[in-house]
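The values are calculated or read from the model by the stated rules, or taken from the named source; none is laboratory data. Please read all numbers here as calculations on a predicted model, not as lab measurements. For neighbour counting, all protein chains shown are included, and Cβ atoms are generated from backbone atoms with ideal geometry for every residue, glycine included. Heads up: the accessible areas ignore ligands, DNA and RNA and are worked out on the full protein's heavy atoms, side chains in. Shrake-Rupley method; radii C 1.70, N 1.55, O 1.52, S 1.80 Å.
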Amino acid sequence: MSQVASLAEIRETFELLSDWEDRYRYIIELGKSLPNLPEEHKVNANIVHGCQSQVWIVHRLENGKLEFALDSDALIVRGLIAIVLAALGHRTPAEVLAVDMDSLFDELALKRHLSPTRGNGLAAMVRRIRDIARRLA
Amino acid sequence: MSHATNITALRSDFPILAERVNGQPLTYLDSAATTQKPAAVIAAIADYYRHDNANVHRAAHALADRATAAFEEARRKVQKLLGAQRAHEIIFTRGTTESINLVAQSHGGHRLRAGDEILVTELEHHSNIVPWQLVAARKGAKVLAVRVTANGEIDLDDLDSKIGERTRIVAVGHASNALGTINPVDEIVRRAHDAGAVVLIDGAQATAHLDIDVAALDVDFYAISGHKAYGPTGIGALYGKESLLESMPPWQGGGEMIETVTIEHTTFNRLPFKFEAGTPHIAGAIGFGAAIDYLAAIDAQALANHEATLLRLVTDRLAQTEGVRLIGTARDKVSIVSFLLDGQHPHDVATLLDQQGVAVRSGHHCAMPLMQRLGIPGTVRASLGLYNSPADVDRLVRAVEKTRALLT
C-alpha cells in the first residue's frame, strides 16, 4: 500500500503541463506505476459499483491512519486512482473527510472526471473512501 | 415531393454539430446511443409549445383540437413509417424499452404459462432480455437465447434447435446496437410463426437506417424509439397487430385509457388509447412526426448509399490501423463499427478520443451476454448517422492513432 507520487509532486507536474496530451501522458504514467492489487482482492465484495471500468478497493486502519489499495482494469482510471490516493491515502479518517476533492480536481482541470455521468467511477470511488472514513472517524 | 439526394448538404440541418468540445470541433460518432436532431424537429417541438399546447382528446376548446389533430397526425406518420395498416395499431410509448415491457407484461403476462419458453438471442440489448426475464419469473416461463457466431451473426441452425412447441414468444433485434449486425428478421418471423410463436422485433437501431414494413414482414410486434431516428427522447412507439392488441389486457391504468369508471369497475377505451394511460408526450410525438417527415424528404437510396459508403470507409480504415481489432464482421450491417485497440481498455480509448473531440461509446453497450459470448469486457463503438462524412471517419482514425501512441 505504497504511494507512488505525492500530492505535491502531482500538483507541481500538472502545473508544468499545459496541453491535454502531456497531462494525459502523465496520468497514464501514474497509472502504470500504481502497484497492482493482488488478484485475491479482486473479488466482487471489493468492487466499487457505478463504474464502467472495474474498480476494486481494500482498506485497513494502521496506527490510526487509513491505508487504501485500489486498482482498475483501465489505465487512465488507475492514473486517477493514484491522484486520489495521493490526496486521501495514509491519513486519519478525520483528515480524509477534511479533504475537498472537488476543488483538487478543479485545480488539476480534471473536475469533469468527478461528474457522475463519466462512468469511470471516480466519483463512486471517492464516495466509497469517504464512507469508510466516516464509519471509522 | 422532391427528395434530397445531396446527403452531404444535410449536415447543416443539425445545429449541434457546430459545437466544440474540449477545444476541438465535435466529431459525433455516437448516433446509435442517440441521434442529433435537425432544426425542423427542434422547431416543431418549440412551435407546438408556442402555438398549440393543450391536453389531447379531452377539452372542447380550439387549442385542444389543434393539439389532438397534431398528435394523431404524428401517429399516422409513425404508421406510415412502419408500414402498418391501421393507425390504431400504433401505441405511443416512452421508447423501445417501454414498448417491449408493454408486450412482455400485457401479452406475456396474459398468455404465458409455466414451462413456456421465450426465445431471445445473444445479440440482444438488455432491453430485449430483462423485460422477458421479469415476466418469465412471474409466470414460471423460461428465457432461452439463440447463439451468435464469432463474427456476430445469429446462428439460424441454433434458432431451429431452440424453437419448439414450448416457444411462445420470439424477441429479436432488427439490427444490433453493439455490432451493427442486421438480422434476417423475415426468416426469423417465418420460422417463429411456423412454430406457432409470436414475434417481437426491437427496431431501435433499424429505424434510422432500414426500410421497415411490418405488414410485409408479418411481424406481430415492432418496437421503436424516436430519438434513435432524429426525433426527441422520451417518445417511441409499439406496433402491434390489431387482433393481438385487442386480446391484451391494459398494462398501466389511469386517465385516457378508460371508457367509464365506477369504484367497482372500469371499462377500457378502444385501441390505441387502451394502452396510453395518462397524458402522453404530445410534444415528443409531434417532434417524432417531424423527424419522420425529415427522413421521408430524403432520397432513401441516396441515404442508404451514403451510409454504406461511410461504413465501408470506416471499416477499411480502422482495419488498416495498427493495433485495431474489429469486433463484429457480419456481412449485413448498419453503420456501426465496434473495435478494440491492442489490449487497451475501451474506456481509456474513449476518454482519449473524447479529448480529441471524437464522441464514441465504450463499454458493454447494454449487451453483457453478447460480450460474454465474445469473451471481451466491451468495445469502443463508433456509430454513424446521415450527417457524418468521410472527414469524420478521417478524424476518428487519426484520433485512434494518437490514442494508441499515448497508451502504449
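Charge tally for B:ALA4 (other residues, Cβ to Cβ under 15 Å; Lys, Arg +1; Asp, Glu -1): -3. Any idea what the relative contact order of chain B is, in percent, if you count C-alpha pairs under 8 Å spaced at least 6 apart? This gives 24 percent for chain B. Taking other residues whose beta carbon is less than 13 angstrom from the beta carbon of B:ALA84, and scoring Lys, Arg as +1 and Asp, Glu as -1, yields +1. The accessible area of B:GLU276, taken with all protein chains in place and a 1.4 Å probe, comes to roughly 10 Å². Taking both sides together, what accessible area is buried at the A/B interface, probe 1.4 Å, expressed in Å² and rounded to the nearest 100? That pair hides around 1500 Å² of surface in total.
For the stretch A:7-136, the fraction of 1.4 Å probe accessible surface lying on carbon and sulfur atoms is 48 percent.
Taking label positions 7 Å along the Cα-Cβ direction at both B:VAL261 and B:GLN24, the computed distance is 5.3 nm, reported to one decimal. For the protein assembly as shown, the residue among B:LEU10, A:ALA74, B:VAL337 whose Cα projects farthest onto the positive side of the dipole built from Cβ charges is A:ALA74. Computed log10 I(q)/I(0) for the stretch A:7-136 at 0.15 Å⁻¹: -0.67, from the Debye equation with unit scatterers placed on every C-alpha and solvent omitted.
Note on B:ARG398: accessible area is roughly 150 Å² with a 1.4 Å probe, heavy atoms of protein only.
Assigning unit charges at the beta carbon (Lys, Arg +1; Asp, Glu -1) and nothing else, what dipole magnitude in debye, to the nearest 20, does chain B show about its Cα centre? Intermediate values should be presented prior to the final figure.
Numbers: 39 positive and 46 negative charges, 112 e Å.
For chain B, the charge dipole is close to 540 debye.
Note on the stretch B:312-358: with neighbouring protein chains present and a 1.4 Å probe, carbon and sulfur make up 41 percent of its accessible heavy-atom surface. What the Cα atoms of the stretch B:43-296 give is an Rg and a Dmax of 18.4, 59 Å. Computed over the protein assembly as shown, the range of Cα coordinates on each principal axis works out to 71, 56, 55 Å, biggest value leading. With all protein chains in place and a 1.4 Å probe, the accessible surface of the stretch B:43-296 carries 50 percent carbon and sulfur.
Largest GNM mean-square fluctuation across B:ILE376, B:ILE188, B:ILE154, computed for chain B with C-alpha springs under 10 Å, falls on B:ILE376. For the stretch B:241-275, trypsin sites (Lys or Arg not before Pro) meeting the loop criterion (DSSP other than H, G, I, E, B) and having at most 10 other Cβ atoms within 10 Å: B:ARG270.
Just tell me how shielded A:18-26 is by partners: mean number of partner chain Cβ atoms within 10 Å of each residue's Cβ, no decimals.
3
Taking every Cα-Cα distance in the stretch B:1-103 and sorting them into 5 Å bins from zero, the calculated P(r) comes out as 2, 9, 11, 16, 18, 17, 13, 8, 3, 1, 0 percent.
What does the charge count near A:LEU16 come to, summing +1 for each Lys or Arg and -1 for each Asp or Glu among other residues with Cβ under 13 Å from its Cβ? Neighbour charge sum, excluding A:LEU16 itself: -2.
Counting only heavy atoms of the protein chains, get the accessible area per residue of the stretch B:43-296 (1.4 Å probe) and round it to a whole Å² value.
On the way: 9990 Å² over 254 residues.
Here the per-residue accessible area is 39 Å².
DSSP H helices in chain A with Cα extent of 27 Å or more along the helix axis and mean Kyte-Doolittle hydropathy at least -1.0? Helices meeting the criterion: none.
Taking label positions 7 Å along the Cα-Cβ direction at both B:THR309 and A:GLU15, the computed distance is 5.3 nm, reported to one decimal.
Projected label points at B:ASP186 and B:LEU156, each 7 Å from Cα along the beta carbon direction, are separated by 1.1 nanometres.
Shown here for the stretch B:164-193: trypsin sites (Lys or Arg not before Pro) in loop regions (DSSP other than H, G, I, E, B) with at most 11 other Cβ atoms within 10 Å, of which there are none. With the helix formula -39500 (n - 2.57) applied to DSSP H stretches of n ≥ 4, chain B reaches a computed 222 nm mean residue ellipticity of -10500 deg cm²/dmol.
I need to check one value: relative contact order of chain A, counting alpha carbon pairs closer than 8 Å and at least 6 residues apart, in percent. Computed value for chain A: 26 percent relative contact order.
Would you mind pulling out the separation of the Cα centroids of the stretch B:62-137 and the stretch B:298-374, in Å? If you average the Cα positions of each part, the centres end up 29 Å apart. Using heavy atoms of the protein chains and a probe of 1.4 Å, the accessible area assigned to B:HIS57 is about 70 Å².
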